[in-house]
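The values are calculated or read from the model by the stated rules, or taken from the named source; none is laboratory data. No experiment lies behind these values; they were computed from the predicted model shown. Because the Cβ atoms are built from the backbone with ideal geometry, glycine has one as well, and the counts that use them run over all protein chains shown. Ligands, DNA and RNA are excluded from the accessible area calculation, which covers all protein heavy atoms including side chains. Shrake-Rupley method; radii C 1.70, N 1.55, O 1.52, S 1.80 Å.
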Amino acid sequence: MHQEIKNISSEIFYEGKLRCLDKLERLNAPLDYKSTKKLFEHRVLFVPTKSDESFHLKTNRFEVEAVAELVEQFIIQFKEEGRSFNQDTLGIITPFRAQIALMTKVFQDKGLPLEEITIDTVERYQGGARDIIIISWCTNSIQKLNSISSLSSEGVDRKLNVAITRAREQLIMVGNKDILSSNPLHRNLIERSVMLEKP
């Protein structure tokens, strides 16, 4: 992963002990998109959304719409710049199967290339990586946030660490800022991110 993403994981989970390989220039290089939109200028971003309890506690349609808009923007930008968009380019992590199903349906309705985008839980992503990772936290309540945490005896949230370290180049998190900030680890992560009010 790029050093900016590595630094977050290192400082939150490893007491600053993680190091990048010095000989790989990519790990220290700036983003090289041609666009000057905030989305394409920063490696770690947070997109705030509303909570959604209208249908199911394990789905959030506001997050799904935000993620779909992010994906659309990346596809357009990659096409404009002649970049390859394939199965290694972009992945989406979310904790609940219901959110995966809703996101899959919305993506199908919008004609987004599901065959090139993996939408799955963090457990299924363990050991894998994508250039761009979008995380839809789907926490409509503090209780749901507590239910997705997986603290070790040392107080390390393993799922959170695995999720953010799946990204090689960019990490974008989508969720309710107030609910997520009730957890110190998530609050720390949000504070280290660039706020993107609208994708």
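Yes/no matrix, rows are residues, columns are (1) of a type in the set (Asp, Glu); (2) within 30 Å of THR36 (Cα to Cα); (3) over 13 Å from the mean Cα position of the chain (by Cα):
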site: GLU72; (1), (2), (3): yes, yes, yes
site: LYS79; (1), (2), (3): no, yes, yes
site: ARG83; (1), (2), (3): no, yes, yes
site: ALA98; (1), (2), (3): no, no, yes
site: THR118; (1), (2), (3): no, yes, no
site: GLN126; (1), (2), (3): no, no, yes
site: ILE142; (1), (2), (3): no, no, yes
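Can we say GLU123 is more than 18 Å from ILE190 (Cα to Cα) and open to solvent by 60 Å² or more (accessible area, probe 1.4 Å)?
yes
Go through region 156-199 and give me each residue that's of a type in the set (Gly, Ala, Ser) and surrounded by fewer than 21 Cβ atoms within 10 Å (Cβ to Cβ).
SER181, SER182, SER193, listed by residue number.
When you go through (1) within 21 Å of ARG166 (Cα to Cα); (2) crowded, with 18+ Cβ neighbours inside 10 Å one by one for ASP88, which number turns out not to apply?
(2)
Could you check how many residues of region 26-70 are in a loop (DSSP other than H, G, I, E, B), closer than 19 Å to PHE96 by Cα and under 13 Å from the mean Cα position of the chain (by Cα)?
Residues flagged as in a loop (DSSP other than H, G, I, E, B), closer than 19 Å to PHE96 by Cα and under 13 Å from the mean Cα position of the chain (by Cα) within region 26-70 amount to 0.
Among the residues of region 60-70, write down those that are touching a residue at least 60 places away in the same chain (Cβ under 8 Å), surrounded by fewer than 23 Cβ atoms within 10 Å (Cβ to Cβ) and either of a type in the set (Asp, Glu) or out of contact with any Pro (no Cβ under 7 Å at 6 or more places or on another chain) (or both).
GLU69, the sole residue that qualifies.
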